[in-house]
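**Student:** Here it is, the structure in full.
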Amino acid sequence: MKHESPWKLASVPSFPALDQDASTEALVIGGGISGVTAAYLLAQAGCSVILVEKDRLGSGQTFCTTAHISYPTDERLRDLVKTFGREHAEAVWDACKASSDQIRRNVCAESIDCDFSHVPAYLYAAEGAEKDETPALHEDASLASWMGFDARFISQCPVTHQPAVLFSNLLKFHPLKYLLALAEAAQKKGAQIHENCEAWEFDPEKRTVRCNGHTISYQHVFIATHVPLQGTAGMLSSTLLQTKLAGYTTYAMEAELPDTVVPEALWWDTADPYFYFRTDKVGDTLRIIAGGEDNKTGQEEDTDARYTALMQRVQKWFPSARFLRRWSGQVIETVDGLPYIGEYAGQFVATGFSGTGMTFGTLSGMMFAEHVQGIASPWKSLFHVERKELSSTWDYLKENKDYPYYLTKSLFMGSSRKPEELGEGHGAILRMNGKKVAAARDKQGGLTLLSAICPHMGCVVGWNHADQLWECPCHGSTFTPEGKVLTGPAETPLEPVDPDDLSPDWPPPALGM
């Protein structure tokens, strides 16, 4: 069995080492998902940006990921609500959803061929749990749905046949194909990207750093290096940040699954540490990438036993699995389960992504790009390194109504108005007792209530007033006001909703302890 990640490419673009002094508005140190995203967005916005990477782009933790693009976080939603309150818990998921949307926009804008796909995902009850997870999963699903996310409880999920929360429309991709294509796009837009260029000898007063014997002057600096370098921070500030972080080694394996028929999807269980896997069609074969068995970095002598345990987990569900390779990576945990993203001791840092590195990494690149441009991020206080106790009530949607993500969310999460308020020839997504309902009134005054969930892959449809039809923003299916399919890929109509089924069952019950 090979000891390498599956993301190795036969041919990759190279970027020159720095060979002269340079000056820039924004300096990015680190060529992983965070740094490349930041460089791309800044170059797209017309800002001058230099990215330096001490090795090759994508050679760090981005190379070790299993590449789930997920707005559900490692910290369960019900636990986030208990710790931070509903508004802040929702905002954490909003931030991750905005990150997922940014990845999708990048893929589309640059026509990136990176095996990008929308897939269902399942948070399922771990086997052998000390208590029944069903009530907690119901609670997670109810909370997520109420917050506007496409989630529902199911009694059995594919493969493990355990009760689960189904998230209808998460994402997966090939991280190196995506990263390198995005870097090339950033370079074409004006970003300077340098590999084999290690940053050292920071001068915070002059705002300079030495690389390959040359000096880079900058106005803003982003330390995008998994665990932040000391950089411009003094020894005390750097040490204080390190005390808030803990590193865990996570193990992963890839296997072929001959004679196996399961959907392409993402799975993770409720254990701590949790077991997670994804299935991928590669040519005519089906493969699984699975991970877990985490331990505190440096505190496990028999790491082979971790791989053996992981192999046994895979074989339980897929007895015919033929293992191809194994590898390990590292996740960084924080004291409260949320990452640290923002300005700290004179530099912008991002770390503590837990097992949601692709999502939080992209988010940190977005937030640095906004920081350089003077754009206020809705989540600045939420993820700040020195965050204090968060306000008990804060309406992120109301306070950030002009921020692009919240503009979109307000359109698709559903209005709280009543069906009788709809005029003739109008349609809207309504939130009726916690459910998303596609409501349309025809020119004769007749009202049709349908499920707002597209039957193809679970996205929320939207009303096209000009053409008088429902549209799916994810894959382009269209439906008549009565729910019949006009254009695919959906093959079945929108399900009708019985008004009697919309009984007052909301808001969600108080959280169980």
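**Student:** Roughly how large, in nm² to one decimal, is the mean projection of the convex hull of the alpha-carbon atoms in the chain? Numbers along the way, then the final one.
**Tutor:** On the way: hull surface 100.7 nm².
Approximately 25.2 nm², given one-decimal rounding.
**Student:** How big is the antiparallel share of DSSP beta bridges in the chain, given as a percent to the nearest 5?
**Tutor:** Values: 76 of 99 bridges.
Of all bridge pairs located within the chain, approximately 75 percent are antiparallel.
**Student:** Output the 0 to 90 degree angle, nearest 10, between the alpha-carbon long axis of helix 33-44 and the longest principal axis computed from the alpha carbons of the chain.
**Tutor:** Orientation of helix 33-44: about 80 degrees from the principal axis.
**Student:** Would you kindly derive the ³J(HN,Hα) couplings of the range 302-317 from the backbone phi angles with the Karplus curve 6.51 cos²θ - 1.76 cosθ + 1.60 (θ = phi - 60°), listing them in order in whole Hz, with x for Gly and Pro?
**Tutor:** 9, 6, 4, 5, 5, 5, 4, 5, 5, 4, 5, 5, 5, 5, 4, 8
**Student:** Within 10 Å of each candidate Cβ there may be at most 12 other Cβ atoms; applying that plus a DSSP loop requirement, which GluC sites (Glu not before Pro) in the range 128-184 survive?
**Tutor:** Of the GluC sites (Glu not before Pro), the ones in loops of the range 128-184 whose Cβ has at most 12 other Cβ atoms within 10 Å are E130.
**Student:** Using the heavy atoms of the protein chains alone and a 1.4 angstrom probe, what is the accessible area of the chain per residue in square angstrom? The partial results should precede the final answer.
**Tutor:** Values: 22680 Å² over 513 residues.
Dividing the accessible area of the chain by its residue count gives 44 Å².
**Student:** Moving to a separate point now. In the range 1-96, what trypsin sites (Lys or Arg not before Pro) fall in a loop by DSSP, with at most 12 other Cβ atoms inside 10 Å?
**Tutor:** Values: sites: K2, K8, K54, R56, R76, R78, K82, R86; in loops: K8, K54, R56, R76.
Taking the range 1-96 and a limit of 12 other Cβ atoms within 10 Å, the loop trypsin sites (Lys or Arg not before Pro) found are K8.
**Student:** Through the Karplus equation 6.51 cos²θ - 1.76 cosθ + 1.60, θ set to phi - 60°, convert the phi angles of the range 209-215 into ³J(HN,Hα) values in whole Hz; use x for Gly and Pro.
**Tutor:** 9, 9, 9, 6, x, 10, 10
**Student:** Of K484, K244, K435, which has the most accessible area with a 1.4 Å probe, and how do the rest follow in descending order? Please list the in-between numbers first.
**Tutor:** Working: K484 135, K244 60, K435 85 Å².
Descending accessible area places them as K484, K435, K244.
**Student:** Okay, next question. Angle between the Cα long axis of helix 134-146 and the longest principal axis of the chain, 0 to 90 degrees, nearest 10?
**Tutor:** It works out to around 90 degrees.
**Student:** So how exposed is M432, as accessible area in Å² (1.4 Å probe, rounded to 10)?
**Tutor:** That residue has around 30 Å² of solvent-accessible surface.
**Student:** Quick query: amide H of N169 versus all other amide H atoms, modeled in the peptide plane; which residues come in under 5 Å with a sequence gap of 5 or more or a different chain?
**Tutor:** A121
**Student:** Also: List the residues, sorted by chain then number, that are 5 or more residues from S23 or on another chain and whose placed amide H is less than 5 Å from its amide H.
**Tutor:** For S23, whose amide H was placed from the backbone, the distant partners under 5 Å are S217.
**Student:** Suppose accessible area is computed on protein heavy atoms with a 1.4 Å probe; arrange D115, D19 from highest to lowest. Don't skip to the end; give the middle numbers.
**Tutor:** On the way: D115 80, D19 115 Å².
Largest accessible area first, the residues go D19, D115.
**Student:** Take the alpha carbon gyration tensor of the range 1-87, find the square roots of its eigenvalues, order them as a ≥ b ≥ c, and report rounded if a/c is under 1.5; if not, report prolate when a/b exceeds b/c, else oblate. Kindly include the intermediate steps, with their values, before the conclusion.
**Tutor:** Values: a/c = 3.08, a/b = 1.37, b/c = 2.25.
Because a/c hits 1.5 or more and a/b fails to exceed b/c, the range 1-87 counts as oblate.
**Student:** Evaluate the range 262-358: find the radius of gyration of its Cα atoms, find its Kirkwood radius, and give the ratio Rg to Rh.
**Tutor:** 1.05
**Student:** Evaluate the relative contact order of the chain (contact order divided by residue number), counting alpha-carbon pairs under 8 angstrom at least 6 apart; express in whole percent.
**Tutor:** Working: 1079 pairs, mean separation 89.9, N = 513.
For the chain, the relative contact order is 18 percent.
**Student:** What lysines could a cross-link reach from K177, if we take a straight Cα to Cα line under 19 Å and drop same-chain neighbours fewer than 8 places away?
**Tutor:** K8, K188, K189, K281
**Student:** Please report the carbon-and-sulfur percent of the accessible area for the chain; probe 1.4 Å, protein heavy atoms only, DNA, RNA and ligands left out. Walk me through the numbers on the way to the answer.
**Tutor:** Values: 10900 of 22680 Å².
The computed percentage sits at 48.
**Student:** Report, in cubic angstrom per residue, the convex hull volume of the C-alpha atoms of the range 102-202.
**Tutor:** Enclosed volume per residue, from the Cα hull, is 210 Å³.
**Student:** If you don't mind, another one. Per residue of the range 249-265, in order, report the coupling 6.51 cos²θ - 1.76 cosθ + 1.60 (Karplus, θ = phi - 60°) as ³J(HN,Hα) in whole Hz, putting x for Gly and Pro.
**Tutor:** 7, 10, 10, 9, 9, 10, 9, 7, 10, x, 6, 10, 10, 9, x, 6, 6
The values are calculated or read from the model by the stated rules, or taken from the named source; none is laboratory data. Given the structure is predicted, the values throughout are model-derived calculations rather than measurements. In this analysis, Cβ positions are derived from the backbone assuming ideal geometry, glycine residues included, and neighbour counts consider all displayed protein chains. With ligands, DNA and RNA removed, areas are computed over all heavy atoms of the protein, side chains included. Shrake-Rupley method; radii C 1.70, N 1.55, O 1.52, S 1.80 Å.
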